[in-house]
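Accompanying notes for the structure given below.
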Amino acid sequence: MSQSFTFNQRLRLFSLETQSEFLKVIRMPAFALPSLAFPLMFYVFFGLIFNRGGMSGQMPAYLMATYGVFGIIGPALFSFGVNIAVEKDHGWLALKQASPMPISAYFVSKILTAMMFALIITMALFSLAAIFGDVRLSRSEWAMTLLVLLLGVLPFCTLGLWLGLQLKAQAAPAVVNLLYLPMAFLSGLWIPIDYFPDFLQKAANLLPAFHLAQLTLKVQSLDIGQSWMIHLAALAAMTAIFLALATRAFHRISNN
Amino acid sequence: MRPIITALIILALVTGFIFLLPTPTEEKTTSKSGKTEASSFRLTNIHLFDGQQWIPNTQVTVINGHIANNDSQQSLPVVDGEHGYLIPGLIDAHTHTWGEALQQALNFGVTTELDMFTDYRFLQQHKTQRDNVDQVKQADLFSAGTLATSPKGHGTEYGIPVPTLTSPDEAEAFVQARLKEGSDYIKIVYDRTHEKSHFTSIDKATMSALITAAHKHNRLAVVHISNMNSALDAVEAGADGLVHTFADQAVSDELLTALKKQNTFVIPTLSVIASFANQQRGQALIDDPTLSSLVTPSIKQSLLQSFSFGDHGNHTFANALDNTRKMHQAGILLLAGTDAPNPGTAHGISMHDEVELLVDSGLSPTEALTAATFNAANAFGLTQRGHLKPGARADMILLSADPAKDIKHTRAIKTIWKNGYVHTIEKDKEVSEVALKNNGVVSHFPDANLQPQNGLGFSATSDNMMKGNSTASINWVAEGCQDAGALAVKGTVGNQFPFPWAGVFFMLGESMQKGVNLTAQKSIEFQVKGQPGQYRLMVFTRDSQRPAEVGFEVSAQCQPIQIDFAQLDAVDWGNVTGFAWVAGKQQSDFHFTLDNIVIN
């Protein structure tokens, strides 16, 4: 069926789906507010007020990167993890599958929405850091940080997708939070990973958020010094694993 | 097409936003925090020692007081390193720091001091400085604060009230109290054989409990020992480091194995052990021409002091060197530390002796540099110090000669940067009350006695006085420039001293400590002829480390030269002690005739 759409039709379809998805999450204060406010609030407290002089004055720049990661993970995990679980249990996903719209539009709109949120959060963080944190980066460093953060949404979308397809609607918010917050902490998003004991630093290698944080910090040479290829490979591998798991879960649901 | 347009609009807005964000180059004009671009620059034409290895013919990029990647695209001021040797700022891993110690240390290129016992309030005062990259005039401080010792043990004899402990069950509370005072690590004094000394000591169980408590709070525990058996106990108790080596006997294989197995580091502090053994190395440091201009009366006093209990002889000192050599050969991590300001040592200057002593005990000069930089930072977990890789704090020293060839070249300091800012050594600016007389006329050299109308007189000068191989001589000649009589100078410029010079020195003040106030004058004029080429006029001021200099051209005919003081804005014109006319660096044999010198 989907073969019959022209390019323009398809574009309009994806665009409409994205618009309505974006409108939906904006109208869900329980999702939009914490997603936008928490990273900014934490950054103001821990990066600008309390630890200003930490890390030889680099703390505002360092935490701008890590709270950026924290900020972009939230919408990705929740929009996929929680919303898909809910929509799946309410039969909305089944309806979408039955409609003539290609099901990819459903997922792409969610990815684009997560990216829009990532963009808003990152721009707000940049503004705070530049105005109140005296953070000064070269133009290419600002742009690269933004780009890494926007693309960094993808692995967490796939993680969220798998969780959303796997979990019951009632369980999803709790499980996602249980994953999100400890992962953020253990990946050094709140406190620089350098301050952690050695074994925790090593253990962080298992977490996707750690690799994304290191990639983002690499732009400013504030990372712990591993090669960017390691982080990129780890993220790619994790994305592939989550995607495989999500596909399996999706087929199981579709076949039921 | 609407979605594409929306996407393009978003892209344009984001791009616009990125262009609004501040960049470091804009900071020059917009920053209100008092930061200037002075801590951002590119230092080119250098040989770099990054703390572990040498990288010849390279450059470093410093952005806001930190080393950045060289591929940074930013446009930065370029500083020519003139093929000098750049090493990280030195870390003295064993000091006792108070008063002016941190300022003094930085003057000699020591940018971080790891203190092993001081008044914890001094630590609290100076702790915050190390967290930022502001322009500062002193080294950064990390400290054990109050040490852990027994009642009447070593450490209680200095007149500062010191809390003590006697049993293992006091250890946890003791360590907690130190951390509350701000201690960065715990220093423990231990002596198994204290019955032989006039100090008491905590017992091994208490030391062990202190180390365990320190580790529980994620702090290092380092132990002061002065003999091998105590060292063995300390390592067995789990010490992270020993803050001295020992000289009572040769280090046993058992101890070497234990040190290696537990990764215990050792700070041999050969400087203080040399002083203990009456090696009298202080005078040599004072006499070293590359350091002498920085030696203040208090440094001199400290370097010339000795321990009161007499000569322990060369034998024990040889033991200390041997033990250090064996530890090095066994692969034990060694850190350079001086124990300044104990008798015979002083802050800053003694680090240049300590690295030499480490070379004497078998380390290569590069290994000694690593001990004085990277190893110390590594052992104490200071990630931004002791190296010059991207991310490091721009604490660094530019040397004019290669320290890998001769460790003494750590003294050939051209420039010190602290937090990316050039460190200039400030002395009290005291304007002399002596003014010029006779309308500023120095001399027309009418007769052979060369006596000037202002100032003390003329003399030949060259780096020969600093063991260089340049030569110079002066004499009166009858043929002047306009009138009869002039001063003739000739000589050769050698190549042995790092900063060679040869020419004539004119002493304007009554001594090098007391100059003349020239703030009312604007220029110095003279006439000169001689071997054509570029020559230099040097201006000496009270307490200045090195004279300021400005070039001038000499031709075969007499020519008037006027040098405006405004050209030399860094000179303290309130206290000028003398001038020198010297040959350029490129010349070898030279001669010139000087006449009609007037300061207007």
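Once R0 is set to 35 Å, what does the formula 1/(1 + (r/R0)^6) return for the Cβ-Cβ distance between B:GLU181 and B:ILE425, expressed as a FRET efficiency to the nearest 0.05? Computed FRET efficiency for B:GLU181 and B:ILE425: 0.60.
Dimensions of region B:76-172 from C-alpha coordinates, computed as largest minus smallest value along each principal axis and given longest first, are 59, 24, 23 Å.
Of all lysines in the structure, those lying under 24 Å Cα to Cα from B:LYS522, and not within fewer than 8 positions of it along the same chain, are B:LYS427, B:LYS429, B:LYS437, B:LYS514.
The helix-only estimate of mean residue ellipticity at 222 nm for chain B, built from DSSP H runs of length n ≥ 4 each weighted as -39500 (n - 2.57), is -7000 deg cm²/dmol after division by the residue total.
Estimated at 0.36 nm per residue, the fully extended path between B:GLN496 and B:ALA484 surpasses their Cα-Cα distance by 0.5 nm.
Can you flag which of B:LYS180/B:LYS204; B:LYS180/B:LYS260; B:LYS127/B:LYS196; B:LYS260/B:LYS408; B:LYS127/B:LYS326 are past 27 Å Cα-Cα?
Going by Cα-Cα distance, B:LYS180/B:LYS260; B:LYS127/B:LYS196; B:LYS260/B:LYS408; B:LYS127/B:LYS326 fall outside the 27 Å limit.
Given in Å, the Rg to one decimal and the Dmax to the nearest whole number for the Cα atoms of region B:472-513 are 13.9, 39.
Measuring max minus min along each principal axis, the C-alpha atoms of region B:137-177 give extents of 42, 23, 12 Å (largest first).
Between A:LEU11, A:LEU48, A:LEU189, which gets the highest mean-square fluctuation from a Gaussian network model of chain A, Cα cutoff 10 Å? For chain A, modelled as a Gaussian network with Cα springs under 10 Å, the answer is A:LEU11.
Cross-link partners for B:LYS529 among the lysines, with Cα-Cα distance under 19 Å and sequence neighbours closer than 8 places in the same chain left out: B:LYS490, B:LYS585.
Projecting the alpha carbon convex hull of region B:438-599 along each direction and taking the average yields 8.6 nm². Annotation: amide H-H contacts under 5 Å for B:HIS94 (H modelled 1.01 Å from N, sequence separation of 5 or more, or interchain): B:LEU114, B:THR338, B:ASP339. Remark: spin-label model distance B:LYS152-A:VAL175 equals 7.0 nm, labels positioned 7 Å along the Cα→Cβ axis. Cysteines in the protein assembly as shown that lack a partner Cβ within the 4.7 Å cut-off: A:CYS157. Where the centroid of each part is defined by its Cα atoms, how far is region B:189-264 from region B:392-454 in Å? Using only Cα atoms to place each centre, the spacing works out to 46 Å. Here the spin labels are modelled as points 7 Å beyond Cα on the Cα-Cβ line, and at B:GLN124 and B:ASN469 they lie 5.9 nm apart. Peptide packing for A:98-106, A:149-157, B:360-368 was compared via the average number of neighbouring C-beta atoms within 10 Å per residue; ordered from the highest value, the list is A:149-157, B:360-368, A:98-106. Averaged over the residues of peptide A:139-148, the number of Cβ atoms from other protein chains lying within 10 Å of each residue's Cβ is 4. Here the calculated FRET efficiency for B:VAL477 and B:ASN439, from their Cβ-Cβ distance with R0 = 30 Å, stands at 0.75, rounded to the nearest 0.05. Summary of packing: across the peptides B:75-82, A:38-45, the per-residue average of other C-beta atoms within 10 Å ranks them, highest first, as A:38-45, B:75-82.
Close amide H partners of B:ILE188, meaning residues 5 or more places away or on another chain with modelled amide H under 5 Å apart, are B:ALA148, B:VAL222, B:VAL223, B:HIS224.
Global dimensions of the protein assembly as shown from alpha-carbon coordinates: Rg and Dmax equal 34.2, 118 Å.
Using the Cβ-Cβ distance between B:VAL78 and B:ALA520 with R0 = 35 Å, the FRET efficiency computed as 1/(1 + (r/R0)^6) comes to roughly 0.40. Rounded, prolate or oblate: which one fits chain B, using the alpha carbon gyration tensor with axes a ≥ b ≥ c (rounded when a/c is under 1.5, else prolate when a/b beats b/c, else oblate)? Oblate is the answer for chain B, as a/c is 1.5 or above yet b/c matches or exceeds a/b.
As an exercise, identify the trypsin sites (Lys or Arg not before Pro) in region A:79-155 lying in DSSP coil whose Cβ has no more than 12 other Cβ atoms within 10 Å. Here no trypsin sites (Lys or Arg not before Pro) fit, given the DSSP loop and packing criteria. Note on A:224-232: average number of Cβ atoms from other chains within 10 Å of each residue's Cβ is 1. Of all lysines in the structure, the ones whose alpha carbon falls short of 29 Å from that of A:LYS88, not counting any fewer than 8 places away in one chain, are A:LYS24, A:LYS96, A:LYS110, A:LYS168.
Over region A:86-210, Cα pairs under 8 Å with separation of 6+ residues give a relative contact order of 24 percent.
The share of C-alpha pairs in region A:2-255 whose separation exceeds 24 Å stands at 47 percent.
Bear in mind that the values in this text are calculations on the coordinates, not laboratory data. From a predicted model like this one, the values you see are computed outputs, not experimental measurements. Don't worry about glycine lacking a Cβ; one is built from the backbone with ideal geometry, like all the others, and counts go over all protein chains shown.
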